[in-house]
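S.K.: Below is a structure I'd like to ask you about.
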Amino acid sequence: MKLDVNMLRYLSKEDFRVLTAVEMGMRNHEIVPCELVERIASLKHGGTYKVLKNLLKHKLLHHDSSKYDGFRLTYLGYDFLAIKTLVNRGVFASVGRQIGVGKESDIFEVATEDGTVMAMKLHRLGRVSFRAVKSKRDYLKHRSSFSWLYLSRLAALKEFAFMKALEEHGFPVPNAVDCNRHCVIMSLVQGYPFVQVKQLQNPEVVFETIIGLVVRLAEHGLIHCDFNEFNIMIDDDEKVTMIDFPQMVSVSHHNAQMYFDRDVECVFKFFRKRFNMSFQECTDDNDGTEVDTDASGRPCFSSIAKDAVFLDKELAASGFTKKDQEVVEKFIEGGLEKDASSDDEGTGDGTHISEEDASSDDEDSEDATHISVLNEANIKGVDSLHLLDQEGDDEAANDNDAELEKRLSKVRRRAVTAARGRRKNLASRNTYKDKGGRSSQSSKVQSQLGSW
């Protein structure tokens, strides 16, 4: 949706109050009911429905009456809330033209009161071009339900945190200024996307710089995961700046080596096609330290020395630590052993029951209920055995075992009789439909004649 900020100056305090009320209601509602919006907004002189109608007219809200009458925020309404908050903070004073668009974000120019131009990135997850967020990103973690607005907010917070930390450790990234909801304000990079560059004065130096950035990130415990020509900016002096950080993961991620090799392969492939470069078998990073490479000259992930600063732990980057990985592996192995032992113990009872109740194939459902009741009886018997063993003395253990066996047999017999007593002859569909009809009346007459 196109961002038209001219409408922003005509919105009143009541409009933003109702927009905030809908946002608060969407924390636990997919569609916020009108009564809840009115209750949260609590306008002094009423008129909530009139404000909702005005916001709906400007496409800041979406009306949905499929299940019940309610509203939800659109991305345009969410944009207005974020922009209004940042303007009130004094971060910027005006919004300019759109300078970039991606599969999950839009980028605009903004300016402060003194004329300083910055970049505003609005995350817009949920587009048709990129909806596999649950499998491609880890924003959800343990959550099962989500909304696109909430995922965009998580992506913005994550990118702002990564950008701030990388800037503090000397990486060439934009200066992170502020963040609110799904909006990130950063400094404007004076350069061009690397994909638009056709010629370089020193392609070897630029190549070593870019590969050195990939290695430095890995030394600090991070992997970019989308390090290609679209996420690299270069200026007239061939100074490199990297952008786009929400998808970064830790080096302890179980797919870390695959992501690292993919980033390196993207750089090699682009330089080979665009600048016809032939690569050496050893690669040096910016600091002059030699990095172990394979036969094709690509840096090896396993030979990278980890730095004392672990940014993945500080920023809680996506990925499992070694300790967590060991715990998960032990848990999986233990669960498999328990499953195998339980299967071995349960085969005897299952075959015994199936041999007893294998008289007809039409009684499969009845056999299933019979088996479940017997299993419940066994569980109850085992629980009672455990409790009585704790209460009884060690001297009278044999007597208690005999009594418990009798009680268990009684419980099993009762369960079997209860299961057989629940068996009902299912009437056919035709007899149910014909109930009270002509055929049922004729059958009654025939039965009476037969009795005479």
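The values are calculated or read from the model by the stated rules, or taken from the named source; none is laboratory data. Bear in mind the structure is a predicted one, so any value in this text is a computation, not a measurement. Glycine gets a Cβ as well: all are built from the backbone with ideal geometry, and neighbour counts include every protein chain shown. Accessible surface areas use protein heavy atoms only, side chains included; no ligands, DNA or RNA. Shrake-Rupley method; radii C 1.70, N 1.55, O 1.52, S 1.80 Å.
S.K.: According to a simple spin-label model (label point 7 Å from Cα along Cα-to-Cβ), what is the distance in nm between residue 113 and residue 187?
M.R.: Placing both labels 7 Å beyond Cα along the Cβ direction yields 2.3 nm.
S.K.: Still on this structure, I have one more. Can you give me the solvent accessible area of residue 236 with a 1.4 Å probe, rounded to the nearest 10 Å²?
M.R.: Counting only protein heavy atoms, the figure is 120 Å².
S.K.: Which order do you get for 107, 232 if you rank them by accessible area with a 1.4 Å probe, largest at the top? Present the calculation step by step, with values, prior to reporting the outcome.
M.R.: On the way: 107 50, 232 5 Å².
From most exposed to least exposed: 107, 232.
S.K.: Now for a different question. Leaving out ligands, DNA and RNA, what percent of the accessible area of the range 24-80 is carbon and sulfur, probe 1.4 Å?
M.R.: Numbers: 1820 of 3540 Å².
Carbon and sulfur: 51 percent of the exposed surface of the range 24-80.
S.K.: Count charges around residue 11 for me, please; just the other residues with Cβ under 11 Å from its Cβ, Lys/Arg as +1, Asp/Glu as -1.
M.R.: On the way: positive: 9, 13, 17, 84; negative: 14, 15.
Net charge around residue 11: +2.
S.K.: Once ligands and nucleic acids are excluded and a 1.4 Å probe is used, how much of residue 238 is accessible, expressed in Å² to the nearest 10?
M.R.: Here the residue's solvent-accessible area equals roughly 40 Å².
S.K.: Ignoring everything but the protein chains, give the 1.4 Å probe accessible area of residue 49 in square angstrom, nearest 10.
M.R.: 120 Å²
S.K.: Using a 1.4 angstrom probe with every protein chain in place, what is the largest-first accessible-area order of 242, 7?
M.R.: Details: 242 0, 7 35 Å².
These residues rank, largest area first, as 7, 242.
S.K.: Here are some pairs, 164/269; 2/273; 13/57; 239/269; 13/59; 103/198; which of them have Cα atoms lying more than 27 Å apart in this structure?
M.R.: Numbers: 164/269 30 Å; 2/273 36 Å; 13/57 17 Å; 239/269 20 Å; 13/59 18 Å; 103/198 24 Å.
Where the Cα-Cα span goes over 27 Å, the pairs concerned are 164/269; 2/273.
S.K.: Residues of the range 2-23 with backbone nitrogen within less than 13 Å of a virtual label 7 Å along the Cα-to-Cβ line of residue 45, please, listed as ranges.
M.R.: Residues 13-14 fall inside that zone.
S.K.: Based on the Cβ-Cβ distance of residue 276 and residue 34, what FRET efficiency does E = 1/(1 + (r/R0)^6) give at R0 = 60 Å, to the nearest 0.05?
M.R.: On the way: r = 64 Å, r/R0 = 1.07.
Efficiency for this residue pair is about 0.40.
S.K.: If DNA, RNA and ligands are ignored and the probe is 1.4 Å, what is the ranking of 258, 186 by accessible area, most exposed first?
M.R.: Numbers: 258 95, 186 25 Å².
Result of the area sort, largest leading: 258, 186.
S.K.: Then there's this: List the GluC sites (Glu not before Pro) within the range 1-73 that fall in a DSSP loop (any state other than H, G, I, E or B) and whose Cβ has at most 13 other Cβ atoms within 10 Å.
M.R.: Numbers: sites: 14, 23, 30, 35, 38; in loops: 30.
Counting only loop positions with at most 13 other Cβ atoms within 10 Å, the GluC sites (Glu not before Pro) in the range 1-73 are 30.
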